[in-house]
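Working notes, structure below.
The values are calculated or read from the model by the stated rules, or taken from the named source; none is laboratory data. All of these numbers come straight from a predicted model, not from anything done at the bench. Because the Cβ atoms are built from the backbone with ideal geometry, glycine has one as well, and the counts that use them run over all protein chains shown.
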Amino acid sequence: MVKVRGVSKSFGPKRVLHDVSLDIEKGKVTTLIGPNGAGKSTLLSLMSRLLPKDEGRILIDGREIGQWRSDELARRLAILKQTHNLNIRLTVRELVEFGRFPYTQGRLTREDREMVDQALAYLDLRDIAGKYLDQLSGGQRQRAFIAMVLAQDTQYVLLDEPLNNLDMKHAVQIMRIMRGMADDLGKTVVLVLHDVNFASAYSDHIVALKDGRVAAAGTPDELIRSDVLGEIYEMEIPIETVGGCRVCIYFTGEQAAGL
Amino acid sequence: MKHKRNVVILGILLLLALTVVCLYLFVPLRGNIAYILRLRTHKVLAITLTGAAIAYATVVFQTITNNRILTPSIIGMDSVYQLFQTIMVFFWGSTTLQFVDQQINFVVTVVLMIGFALVLYQALFRKDGTNLHFLLLMGIVMGTLFGSLTTFLQVIIDPNEYAGLQSRLFASVSRVNANLLILGGGLMIPVMLYGLRYVRALDAIALGRDHAINLGVDYGRVIKRMLVLVAVLMAAATALVGPITFLGLLVANISYHMLDTYRRGPLIAAAIAVSVVFLLGAQLIMERVFVYSTPVSVIVNFIGGVYFLYLVLKERTAW
């Protein structure tokens, strides 16, 4: 379990997170939503030690994040940010093999290769495992990076906007994989998503941030509601239930952009 | 398949380096053979050491900055070297360069350059963030400042003195003696061996900061150590033979081209081999074709400059 308690973070004079507290439950898909600049990505970076926090506590399985050795934590928690431009030329397999780095420091054993093969198979990358990343489409590349994180075989998997620049088909594909990682593999998945409807359809738990504070948290049923979301995004968000899933119909909101 | 090809290419490069070493040592062999061989062995060792240090430092530096067209000279150590040599001549005359003990000059220059780099790094070390771009910017600014000071002193210096100074400002192995070799080797070889411990971590760092941290690399610590390693190697190499700006850029990129791998270990080995081939080859051409009429750095910089242009143009079309 990841516990965030009273965490604050500033970039220079600008305070991006104020006294944020939340719990991430094991084996569930938790999604962070909120308007641009709400602090979602920053929170994810703090939770994965990519950035140091200013105040508060972040406990990962009961131990403060700063107390973990970096390589030990790398076997328990994986983070994938949204930038996927590498300066080196790698094949898909080589990238996924990096997922085993926390265990092997680059010297792969047979078990490691099996783990890599499984990760490749899980993301349906076996046919293109020998291709270079720069030869792939956006969706394939995204899947390759997720396969690396999967090969890392961590309890916690944190992903920052994994649906960025993906079309509908690939976005659904990725979200199904996220769901499967929680349901089939028992992993704890934490996502930052921009699309509220994907959050609604695939999350167990949603945390909404606004201006660096937790504005609301709960199940999709509790959170995907006109009054709650309307306040967070400052626009009118009608909600319909389609096939058992709450869907926001916000595309023609009259209050958007103050019109 | 890919692996096999890399092994073969690396083998060929090492063989090539060995061939050039033999060529340099034994062709042509006449006159006082013992004397000639001793002289040539000194030069070969000096060149191998310097070439290896520069190649090593450049690959490491490009890995931690995630940029393959930067060289460690950007942090301005060349300019510290030039300024120091110029100041010596300016205040005490060019004859000091002959009279001041070579070892003392070497030690003082190395200490000054490493000290400069460490002061520069302080800005980086003190803050929690590892802001490499800030460091590079500082390096460029300081390098320009020292460069301007050097030019200023050179302009008002006595022309005869300047001529004496100039020979120090071009890379040359002619002045390397046995004592200097021991000093330089004693500094560079242990540092290079120590760096091998981090070769695997560098593989992960090549993916970028966030990925490296995710994979459990103690990023801040490794980066700081590698920066110190780069500073020591560059300082020692520069103090030994003088500034050779382009060499690192050239050999690092040739090794990236030749080997189809991301692994820093083989890349460093290849870069060292290419570096030896290049530097020793240039020395060979300089000594036995141009008969000392052209400094080695002119040959290296000419080929390096052409290659650099090719690189820039090629990268542009790739985007």
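Tabulated data
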quantity	calculated
Residue list for the stretch B:30-56, filter: surrounded by 13 or more Cβ atoms within 10 Å (Cβ to Cβ), more than 30 Å from residue B:133 (Cβ to Cβ) and of a type in the set (Gly, Ala, Ser)	B:46
Meets criteria (in contact (Cβ under 8 Å) with a residue 12 or more places away in the chain, of a type in the set (A, V, I, L, M, F, W, C) and within 9 Å of another protein chain (Cβ to nearest Cβ)) for residue A:150	no
Hits in the stretch A:84-98 (condition: in contact (Cβ under 8 Å) with a residue 12 or more places away in the chain, within 8 Å of chain B (Cβ to nearest Cβ) and not hydrophobic (A, V, I, L, M, F, W, C))	A:89
Among the candidates B:181, B:207, residue that is within 14 Å of chain A (Cβ to nearest Cβ) and among the hydrophobic types (A, V, I, L, M, F, W, C)	B:207
Residue A:30 vs. criteria under 27 Å from residue A:223 (Cβ atoms) and in contact with a His (Cβ under 7 Å, 6 or more places away or on another chain)	yes
Residue match in the stretch B:254-263 (condition: within 14 Å of chain A (Cβ to nearest Cβ) and closer than 19 Å to residue B:139 by Cα)	no
Pick from the stretch A:99-109, criterion assigned to a helix (DSSP H, G or I) and at pLDDT 90 or above, ranking: farthest from the other protein chains (Cβ to nearest Cβ)	A:103
Matching residues in the stretch B:211-238 - criterion: being at pLDDT 90 or above, farther than 16 Å from residue B:59 by Cα and part of a helix (DSSP H, G or I)	B:211, B:212, B:213, B:214
Candidates B:27, B:100, B:20, B:59 - the one that is surrounded by fewer than 23 Cβ atoms within 10 Å (Cβ to Cβ), out of contact with any strand residue (DSSP E or B) (no Cβ under 6 Å at 6 or more places or on another chain) and modelled with pLDDT of 85 or more	B:20
Residue that is nearest to residue A:93 (Cα to Cα) [pool: residues in the stretch A:119-138 that are in a helix (DSSP H, G or I) and without any contact (Cβ under 8 Å) to a residue 24 or more places away in the chain]	A:126
Filtered residue count, the stretch A:156-195, keeping only those that are in a helix (DSSP H, G or I), farther than 11 Å from residue A:139 by Cβ and of a type in the set (A, V, I, L, M)	5
Hits in the stretch A:49-80 - residues which are more than 24 Å from residue A:27 (Cβ to Cβ) and at the interface with chain B (Cβ under 9 Å from one of its Cβ atoms)	A:51, A:52, A:69, A:70, A:71
When residues of the stretch B:184-198 are limited to those that are within 14 Å of chain A (Cβ to nearest Cβ) and surrounded by fewer than 18 Cβ atoms within 10 Å (Cβ to Cβ), the one nearest to residue B:48 (Cα to Cα)	B:196
Considering residues of the stretch A:110-153 that are over 20 Å from residue B:264 (Cβ atoms) and of a type in the set (Phe, Trp, Tyr) only, the residue modelled with the highest pLDDT	A:145
The lone exception for residue B:226 - which of (1) among the aliphatic types (A, V, I, L, M); (2) under 14 Å from residue B:264 (Cα atoms); (3) within 13 Å of chain A (Cβ to nearest Cβ) it fails	(3)
Positions within the stretch B:48-102 being within 14 Å of chain A (Cβ to nearest Cβ) and among the aromatic types (Phe, Trp, Tyr), in sequence order	B:61
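Conditions tested, residue by residue: (1) over 28 Å from residue B:43 (Cβ atoms); (2) part of a loop (DSSP other than H, G, I, E, B).
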residue	(1), (2)
B:266	no, no
B:272	no, no
B:275	no, no
B:278	no, no
B:283	no, no
B:292	no, yes
B:297	no, no
B:300	no, no
B:309	yes, no
